[in-house]
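Encoded as structure tokens, the structure appears first; notes follow it.
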């Protein structure tokens, strides 16, 4: 579709532009492989969380609870790992417990997604309120379980997920690639995926076309929750710990990545490929700022400004297009 | 002196690529009830916007309102001269009470900063008193019926010294009783010297209420006529420029057994004791006024609005239809009345709209959508139904009304339905496109599909259906054999029963 | 009377009454004047935020940046007072001006560039907060002037309890009440207020009717900013220090309270009375937890549950009430 194509082209240009900018400001430092490697380790968490946000935005909704879901999943997995694994735990038992921990974490995240889906699709609560409620609730549970302390110290296989290399490629990137590919597949090649876009634009007509819109919405939030859970596993592995309020600024960034990647806040439009390029751009900027030793908080402020800038540019581009059409 | 209230000569308006209005003269007398008719794209809405000052006409136009000429006519001038417009959406505030909705515009124009609720109530009561209407002042507008909301909009217009009230399609959601009540109000306003300009496509209503009718076609004024010189046929010919001859078609029933049967179907507040038989290859018509329960019945058969009691038999077996999926599994398809909201997803491409109903049939062995199958299917239906579209990626909203309706039909025909329910399939579609759609429907019947055609245009059901059922207040009150009846007979029954 | 009971506020009031009874049974010190006055005082700043949030919600928008606006305003005031001294006027003037300005920035972005308010305010929340932390170095500020503390301790009337401690109706609570009154008058008795409701109910109709929607939008977000500024001062008065992370994070509690009180995210509905009830509800929940010796880390869980149940219930009721627009008079 010509419109979508030109958007992707623009994004690629922006990406190249960002790279150039970082090179100018940071010089050779930026292009050291160590820098690229660290980018490759950081990007996936944000990436998978952004995918979780994107799928809900496509339905003209939003998921404010992804970070809270990720935190609570991570905490549950962490509790299982630290409580059940003793120094003397043997290989097979350890492996089973690790599996249990991961499954438990993912299940919790999926359940939260299910709760969101039920509230939104069956009860009819607006997505902002429903996910706001579950966010507060899950933050609460996270505090109850951790009492504010950090849970840390996980076995080697767990730490590999977030830090290991497979054939020279960081494990998280592989996981992110798989997640992105699966999401793209679902969105583009499955009935559920097509329905997600259609519901975003017009849920009534979609309903009248025989699509079970309730099921599709529930699946949307379930998928969103599941992806938050996957991101959680990577996060706790990278930090080798879990706590109640990690990654609060991530919420803004997932919205930014989605919007930059072409997702419309009104629903119905947006592609995974656009999101991926947007993530790369954000990661480049983030690493650049890091190398310049910019204060963390200033970085967050910069994200905010970039989000507004992107929306303003979109608005102006839209106006231009409209003038042309008349 | 003169009895002309508003006179506009030589109105032209050009938009990019389109001449919306071309040298139109328009005049309306004081206290006159005047109707403006024309097909889609004839320029009606543009003319209204120019009269209300919302849009500026091109070039030299002579405007004279109430004896005063205008050089640079603006919206504020129209308000000062007493011209008020009620658009189709009524522009009310659903979350505010009736009294406030009525009084607000006056308060804004007065420029007061503070609100006195006593004043609001008295302004509202005075306005309602002028036309003898009583609606609870404290009720929120979203809680009252549409007909009452319309009256609230009129009261709002009455709070100013209105001389000309313009109404855009005011009767599209009203039942016959409500329409009559509205017309009584309009006549009452006339006795107070208030002129009314209606835009409407409901020709029988136009002829009922208007004193004069102005017909627009392709941006030009065809003429202004006294309504008693016109009838349906003349008016249609003036609007379309063509003499439309409807051919009568009797489909061939292809089976002994009814494909779908309804027995004693009832739903409280919707319909009662409905019995019918629908045969394959047949076109069965249901007509009657808005509010008679036709759409409600159709939605019951489609699973959106299930009946409380009674039976539905498909091929002789009793079936339960509680969800749309129950209906589609049986092969029942429904083309909705409200094309824009229920039938199509306007911002999305034609392609996506076409496949939405058959997603599960486009899967390959892995359970994923097969893009070749998808493209083949889309292309097939575009060809078969002659859908004119620049590109399959174009959003549906860029298509003409007739083509949009073809898309809706195509997406349901693609499901290979056994039964097709069409609810007002040619509403808002130009006459030429109408016959083309009828042609499509007749061909579908030839293939053995059972068709339920719901329409409030008696000629449409008369010319296309084998049998015609008249529905009134939730019940079937008569069934006619199309070969043995006439349009007048059916129309009379409908008029009598209201 | 019947109309009152069919409204959302009636249910919230009922829940408050039931909760109060339960808490009093377990710990009678809840119902004492001292406890209640204290509760009013400590929740005043959230209550002031809530008034601003209410206005924004009624207009059809949403604003979650107010906690950052309050923090910036609070800081500016504190820095000025500590460096240059000052008087009570400046204490209110500086945060008011800052709050209004930051609110206007929000309004401009939302109005002129047509960006959804949720996205805009998520962004500005982080912008305002981020810049503040950088400029302030994240430091806590102490050493506010003595008269600042004395002002905060003023009371309209003073009583003494059995242990000789003094309590009473704090001037801070009075400030909140005055703001509530002004806001109520604006919403009910001014064209501006009705225009805000109108805009929330139907933005297109509001424009057509002749309301100055630009002015109304500007007003609503500036008013929110003003409330944020005042709430910031009040918070500083309550705790006598200024810290960057004291308020940020609370925005969702306030939003939850206003929504609990009956305001809708889609705009056009909401009342001062409902908002007060909403704040009262979360205040009582928190206070009740303390008095019933429920550990404080259950707080979010309880609020989360209350929000979910309440909005579900409210949506359910709305569905029941929506009338069909075409009736079939079945014979």
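The values are calculated or read from the model by the stated rules, or taken from the named source; none is laboratory data. The model shown is predicted, which means the values in this text are computed figures rather than measured ones. Using ideal geometry, Cβ is built from the backbone for each residue, glycine included, and neighbour counts are taken over all protein chains shown.
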- Item | Conditions (1) in a helix (DSSP H, G or I); (2) away from every other protein chain (no Cβ under 14 Å): number failed by residue A:143 | (2)
- Query: Does residue A:210 satisfy the condition of being crowded, with 21+ Cβ neighbours inside 10 Å, free of Cβ contacts under 8 Å to residues at least 24 places away in the same chain and more than 14 Å from chain C (Cβ to nearest Cβ)?
  - Reply: yes
- Scan (1) closer than 21 Å to residue C:118 by Cβ; (2) in contact with a helix residue (DSSP H, G or I) (Cβ under 9 Å, 6 or more places away or on another chain) for the single condition residue A:309 breaks and write down its number. (2)
- Query: Within the stretch B:145-165, can one find any residue that is closer than 29 Å to residue B:234 by Cα and either more than 14 Å from chain C (Cβ to nearest Cβ) or outside any loop (DSSP other than H, G, I, E, B) (or both)?
  - Reply: yes
- Query: Looking only at residues in the stretch B:325-335 that are outside any strand (DSSP E or B) and touching a strand residue (DSSP E or B) at 6+ places or on another chain (Cβ under 8 Å), which one is surrounded by the most Cβ atoms within 10 Å (Cβ to Cβ)?
  - Reply: B:327
- Item | Boolean, residue C:152 is away from every other protein chain (no Cβ under 14 Å) and in contact with a helix residue (DSSP H, G or I) (Cβ under 7 Å, 6 or more places away or on another chain) | yes
- Task: Give me a count of the residues in the stretch C:90-119 that are within 14 Å of chain A (Cβ to nearest Cβ), surrounded by fewer than 16 Cβ atoms within 10 Å (Cβ to Cβ) and modelled with pLDDT of 95 or more.
- Result: 1
- Name, by its number, the condition in (1) farther than 18 Å from residue B:452 by Cβ; (2) touching a helix residue (DSSP H, G or I) at 6+ places or on another chain (Cβ under 6 Å) that does not hold for residue B:249. (1)
- Task: State the number of residues belonging to the stretch C:125-149 that are surrounded by 13 or more Cβ atoms within 10 Å (Cβ to Cβ) and within 14 Å of chain A (Cβ to nearest Cβ).
- Result: 13
- Restricting attention to the stretch B:67-106, report how many residues are under 13 Å from residue C:209 (Cα atoms), touching a strand residue (DSSP E or B) at 6+ places or on another chain (Cβ under 8 Å) and in a loop (DSSP other than H, G, I, E, B). 1
- Scanning the stretch B:73-102 for residues that are more than 10 Å from every other protein chain (Cβ to nearest Cβ) and at positive phi gives B:82
- Determine if the stretch C:37-52 includes at least one residue that is more than 30 Å from residue C:97 (Cβ to Cβ), in contact with a helix residue (DSSP H, G or I) (Cβ under 8 Å, 6 or more places away or on another chain) and touching a residue at least 60 places away in the same chain (Cβ under 8 Å). yes
- Task: Tally the residues that are facing chain C (nearest Cβ under 10 Å) and either surrounded by 19 or more Cβ atoms within 10 Å (Cβ to Cβ) or in a helix (DSSP H, G or I) (or both), restricting the search to the stretch A:271-326.
- Result: 23
- Message: Just to verify a result, which residue in the stretch C:36-85, among those that are farther than 21 Å from residue C:249 by Cβ and surrounded by 24 or more Cβ atoms within 10 Å (Cβ to Cβ), is nearest to the chain's Cα centre (by Cα)?
- Response: C:55
- Item | Qualifying helices (runs of 4 or more DSSP H) (wholly inside the stretch A:6-124; at least 1 residues being under 23 Å from the mean Cα position of the chain (by Cα) and under 25 Å from residue A:168 (Cβ atoms)) | A:33-58, A:91-118
- Enumerated strands (runs of 3 or more DSSP E) restricted to the stretch B:404-498, each holding at least 3 residues that are within 27 Å of residue B:357 (Cβ to Cβ): B:419-423, B:450-454
- Item | Complete set of residues in the stretch B:8-38 that are surrounded by fewer than 18 Cβ atoms within 10 Å (Cβ to Cβ) and under 16 Å from residue B:197 (Cβ atoms) | B:25, B:27, B:29, B:30
- Item | Positions within the stretch B:445-498 being surrounded by fewer than 20 Cβ atoms within 10 Å (Cβ to Cβ) and at positive phi, in sequence order | B:448, B:473
- Query: How many residues does the stretch B:266-291 contain that are out of contact with any helix residue (DSSP H, G or I) (no Cβ under 8 Å at 6 or more places or on another chain) and more than 7 Å from chain C (Cβ to nearest Cβ)?
  - Reply: 10
- Set B:345, B:355, B:321: member being modelled with pLDDT of 90 or more and more than 9 Å from every other protein chain (Cβ to nearest Cβ): B:321
- Among the residues of the stretch B:359-372, how many are in contact with a strand residue (DSSP E or B) (Cβ under 8 Å, 6 or more places away or on another chain) and either assigned to a helix (DSSP H, G or I) or within 26 Å of residue B:437 (Cα to Cα) (or both)? 2
- Among the residues listed as B:353, B:338, B:305, the single one being out of contact with any strand residue (DSSP E or B) (no Cβ under 8 Å at 6 or more places or on another chain) and surrounded by fewer than 23 Cβ atoms within 10 Å (Cβ to Cβ): B:338
- Message: Tell me yes or no: at least one residue of the stretch A:248-255 is more than 27 Å from residue B:339 (Cβ to Cβ) and touching a strand residue (DSSP E or B) at 6+ places or on another chain (Cβ under 9 Å).
- Response: no
- Task: Kindly check whether there is at least one residue in the stretch A:232-245 that is within 14 Å of another protein chain (Cβ to nearest Cβ) and crowded, with 21+ Cβ neighbours inside 10 Å.
- Result: yes
- Task: Can you give me the number of residues within the stretch C:248-273 that are within 14 Å of chain B (Cβ to nearest Cβ) and either buried (at least 20 other Cβ atoms within 10 Å of the Cβ) or under 20 Å from residue A:125 (Cα atoms) (or both)?
- Result: 9
- Message: Which of the numbered conditions does residue A:256 fail, given that it passes all the others? Conditions: (1) surrounded by 22 or more Cβ atoms within 10 Å (Cβ to Cβ); (2) part of a loop (DSSP other than H, G, I, E, B).
- Response: (2)
- From the set of residues in the stretch B:358-385 that are within 30 Å of the chain's Cα centre (by Cα) and either at pLDDT below 90 or more than 13 Å from chain A (Cβ to nearest Cβ) (or both), which is surrounded by the fewest Cβ atoms within 10 Å (Cβ to Cβ)? B:383
